[in-house]
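The values are calculated or read from the model by the stated rules, or taken from the named source; none is laboratory data. Keep in mind that this is a model prediction, so the values were computed, not measured. Glycine gets a Cβ as well: all are built from the backbone with ideal geometry, and neighbour counts include every protein chain shown. What goes into the accessible areas is simple: the full protein's heavy atoms, side chains included, and nothing from ligands, DNA or RNA. Shrake-Rupley method; radii C 1.70, N 1.55, O 1.52, S 1.80 Å.
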Amino acid sequence: MLLRFFRRVVALAMLLTLTFFFVDGLNLLPESVSKLAKIQLIPALLGHRWVTVGLLVAMTFVLGRFYCSAICPLGILQDVIAWFGHRIPKKRKYAFRPAKNLLRWGVVVLVTGFAAGGITFVLGLLDPYSIFGRIATNVFRPVWLFGENLVTVAAVNPAVRTLEAFFLALVMLAGIGVLAYRNGRTYCNTICPVGTVLGLFSRFSLFQIRMNPEKCIGCGLCAVRCKSSCIDPKAKRIDASRCVMCFDCLGSCRKDALSCSIFSGGKKSPETENAPEAKPSESVAGVDLSKRTFLVTLSTLAAASQTVVAQPVLEILNTGKNPFTRQTPIAPPGAVSIRHLVGHCTACHLCVSKCPTQVLKPAVMEYGVAGMFAPRMEYSRGFCNYDCTICGDVCPNGAILPLTVEAKNRVQVGRVVFVEDNCVVKVDKKNCGACAEHCPTQAVTMVPYEGVLTIPHTDTEICVGCGGCESICPVRPFKAIYVEGNAEHQRRKEFEDVKVEVEIDDFGF
């Protein structure tokens with residue numbers, strides 16, 4: 001019981017802290033909390049933090065899949081859902097189920113093959129930490145902000161960054177929630193690639209939940225409590241590859257036949273020694289409808305998302321202005337290049353959640369299929385703060401590398417483009433100058449135009465692509481100035497920091 005209490009304390013602390021870090025709109029927690037994301041297995045692998053990976057593997061060899069029950073936030077969330085569901089009187093109790101090894105290792109081979117080819121989308125779609133991050137950012141965070149802004153409901157809208165990401169997170173929450181409610185750790189022991197790989201190591205772990213066949217009477221009380229469905233009371237056997245070391249079963253045995261120990265408390269019975277392993281063919285046949293439905297839903301959603309048009313629907317509202325199409329999406333500073341971002345990002349959306357100006361949005365098809373739901377810069381509501389480096393500081397995958405403020409100020413993520421025929425100076429014969437006032441590098445300045453009018457002039461060499469000009473431009477629906485992304489981030493040229501005075505006698509909006 002003490003082991004279970006300790007595990008629950010650690011698990012709840014991890015879940016509550018990480019969840020609040022994702023949903024916190026007031027930044028009450030320090031950025032150092034992002035280290036909890038960096039100790040997750042897949043982010044540590046992609047971020048090349050080999051010491052962390054080595055420690056997690058070593059812990060699995062000692063304590064089994066303790067990572068899954070006390071460190072992985074999605075695993076803990078499933079336990080919370082299962083805990084509530086298990087207290088419904090008429091709900092079906094847990095029972096032993098054979099391991100579906102062919103399906104488990106098929107998923108591992110699939111995600112490994114795509115990741116080896118530089119496509120982390122499939123890995124990110126199934127990685128438990130990334131799934132939790134998308135759920136926390138796109139479902140929990142809007143709900144939390146709605147609670148904070150009951151008076152001003154409109155303030156919630158920016159929290160839902162894109163409808164596609166919201167629906168993906170909602171479907172995953174519903175699917176995994178139903179599986180957890182019905183059968184406990186179904187996702188962890190059937191689909192999750194992290195659980196499958198750690199299960200391979202946990203078969204040889206030093207400490208395991210062990211059954212003494214001489215004391216066991218085969219009553220099945222332990223199997224009823226096992227949300228991993230890994231205890232076979234008839235064969236008096238425990239599948240260590242699926243056991244997540246939750247310790248719930250220890251207090252259920254009335255004969256003291258279960259223990260967490262290094263060695264078994266008694267000799268193996270003939271039934272245990274001869275107990276057959278589940279065959280792969282039997283595993284595939286045992287997949288129930290809920291699991292198939294979950295996988296089909298994910299596949300359908302991913303396929304349907306490919307048909308979503310990336311450009312805003314504002315083109316339908318064209319009022320005679322010249323539309324522009326951004327040819328290259330804008331990857332956040334520190335991403336190095338779109339290729340690097342797509343090759344490392346699992347779309348956990350921690351950067352999206354923590355961006356103070358909300359310019360990071362989940363991509364749909366801007367990066368192609370391989371980069372679906374990776375972060376991109378979107379300047380319709382704000383711009384990238386010149387001295388902000390939060391996205392790189394919190395990224396656990398190495399997809400957005402950390403930058404100093406000085407280094408970030410020299411990174412050019414895109415170049416400014418001026419569409420003169422859309423500008424209010426030319427169209428309405430009114431001075432504006434808003435874009436020049438909001439440019440931190442003087443890449444946009446005002447020059448004489450007609451009479452007392454001044455019009456923007458751009459210098460793409462010193463532009464950093466922050467979007468200050470694009471976000472403030474008053475022209476609708478097609479702005480007169482925007483940022484075209486760089487597929488490979490460049491270094492802007494140095495500029496002389498001279499304040500340019502702009503005289504405005506008739507502000508354009």
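Overview of results
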| read-out | value |
| --- | --- |
| Residue count for segment 19-48, restricted to those that are in contact with a Gly (Cβ under 8 Å, 6 or more places away or on another chain) and in a loop (DSSP other than H, G, I, E, B) | 2 |
| Total residues in segment 73-108, condition open to solvent by 10 Å² or more (accessible area, probe 1.4 Å) and under 27 Å from the mean Cα position of the chain (by Cα) | 14 |
| Residue in segment 118-130 that is open to solvent by 50 Å² or more (accessible area, probe 1.4 Å) and either out of contact with any strand residue (DSSP E or B) (no Cβ under 9 Å at 6 or more places or on another chain) or over 30 Å from residue 252 (Cβ atoms) (or both) present | yes |
| Filter pass, residue 451 being open to solvent by 30 Å² or more (accessible area, probe 1.4 Å), among the small types (Gly, Ala, Ser) and at positive phi | yes |
| The one condition in (1) free of Cβ contacts under 8 Å to residues at least 40 places away in the same chain; (2) of a type in the set (A, V, I, L, M, F, W, C); (3) in contact with a Phe, Trp or Tyr (Cβ under 8 Å, 6 or more places away or on another chain); (4) under 30 Å from residue 357 (Cβ atoms) that residue 39 fails to fulfil | (3) |
| Only one of 12, 18, 2, 26 that is surrounded by 15 or more Cβ atoms within 10 Å (Cβ to Cβ) and of a type in the set (A, V, I, L, M) | 18 |
| Near pairs, Cβ below 8 angstrom, 6+ apart or cross-chain, from segment 367-393 (free of Cβ contacts under 8 Å to residues at least 12 places away in the same chain) to any residue that is open to solvent by less than 20 Å² (accessible area, probe 1.4 Å) | none |
| Of the criteria (1) in a helix (DSSP H, G or I); (2) touching a residue at least 12 places away in the same chain (Cβ under 8 Å); (3) open to solvent by 30 Å² or more (accessible area, probe 1.4 Å), which one residue 60 fails | (3) |
| Subset tally (residues that are touching a residue at least 60 places away in the same chain (Cβ under 8 Å), in a loop (DSSP other than H, G, I, E, B) and surrounded by fewer than 24 Cβ atoms within 10 Å (Cβ to Cβ)) for segment 460-475 | 1 |
| Out of 245, 172, 211, sole residue that is surrounded by 24 or more Cβ atoms within 10 Å (Cβ to Cβ), farther than 14 Å from residue 99 by Cβ and touching a Gly at 6+ places or on another chain (Cβ under 6 Å) | 245 |
| Lone unmet requirement of (1) touching a Lys or Arg at 6+ places or on another chain (Cβ under 9 Å); (2) modelled with pLDDT of 90 or more; (3) among the small types (Gly, Ala, Ser) for residue 118 | (2) |
| Every pair of residues 6+ apart whose Cβ atoms lie under 6 Å, when the first sits in segment 18-36 and is over 17 Å from residue 393 (Cβ atoms) while the second is surrounded by 17 or more Cβ atoms within 10 Å (Cβ to Cβ) | 19/136; 23/140; 23/141; 23/144; 25/145 |
